[in-house]
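Nothing in this text is a laboratory measurement; each read-out follows from the coordinates by a stated rule. Since we're looking at a predicted model, the values are computed, not measured. As a convention, Cβ positions derive from the backbone with ideal geometry for all residues, glycine included, and neighbour counts pool all protein chains shown.
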Amino acid sequence: MTPEHASQLAADICALAPVVPVLVVKDASKAGDLARALVSGGLPALEVTLRTDAALDVIREMAKVEGGVVGAGTLLTEADVIAAKDAGATFGVSPGATDRLLDACEANDLPLLPGAASATEAMRLLERGYTTQKFFPAEAAGGAPLLKGLSSPLPQIKFCPTGGVSLSNAPTYLALPNTVCVGGSWVAPSDLVEAGDWDAIETLAREAAALSR
């Protein structure tokens, strides 16, 4: 898979909804119900972070949910890429980008949303062919003002800001010309997941899906 093709597929996934849920799930038995609640609420693209022992099993369960597009977040190594794809992930997300990680995703036909936090990092990815990128950690790196500042010199790059993004500041990001969607964990808070309150999560998802961009 070429970087250009991978980036276009990532762009298509980002265009599905204004918010991509960033999910840290410890119990795979809750994965299916969680995915159904989010998809029913209008958020089909789901990023499962590889931060728990259950993450790969969570991806396997969520991949079975009709209408869901499941990806793996926090990809760091070639082994992560292979394991995520084998589990059923159809896209990947990384906090940054290294040549080795990009090579692995391209070799394994896994579209990647690579992370950048500066003009130099964004330009390096653009030079390779990645026009759709993750802006991370969004708030800590400078927030919407920094992202807005990148829009004029780098108009060909579209971003998914993630990291510190919430319902309250998401509209500010989504109003920027270079933001295609945002990533956030607020739509699936751990207490609601642990309680199995899928109706409440679906309500949060509907609220997020209604955000304008």
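Observations on the structure shown:
- Over 31 Å between alpha carbons, listed pairs Lys85/Lys158; Lys26/Lys148; Lys64/Lys134: Lys26/Lys148
- The simple Förster model, with R0 at 22 Å and r as the Cβ-Cβ distance, assigns Asp191 and Ala140 a FRET efficiency of 0.35.
- Listed residues Ala170, Ala104, Ala79, most fluctuating in the chain (Gaussian network, C-alpha, under 10 Å): Ala79
- The alpha-carbon positions of the chain define a convex hull whose volume is 98 Å³ per residue.
- For the options Ala17, Ala89, Ala119, a Gaussian network treatment of the chain with springs between C-alpha atoms closer than 10 Å singles out Ala119 as fluctuating the most.
- For the stretch 48-55, 3J(HN,Hα) computed residue by residue from phi via the Karplus equation (6.51, -1.76, 1.60; θ = phi - 60°) reads 9, 6, 7, 10, 10, 5, 8, 3 Hz, glycine and proline entered as x.
- Karplus-derived 3J(HN,Hα), 6.51/-1.76/1.60, for each residue of the stretch 123-139, Hz, glycine and proline x: 5, 4, 5, 4, 4, 7, x, 8, 9, 10, 9, 8, 9, 8, x, 3, 5
- Relative contact order, whole percent, for the stretch 3-202 stands at 22, derived from Cα pairs under 8 Å and 6 or more residues apart.
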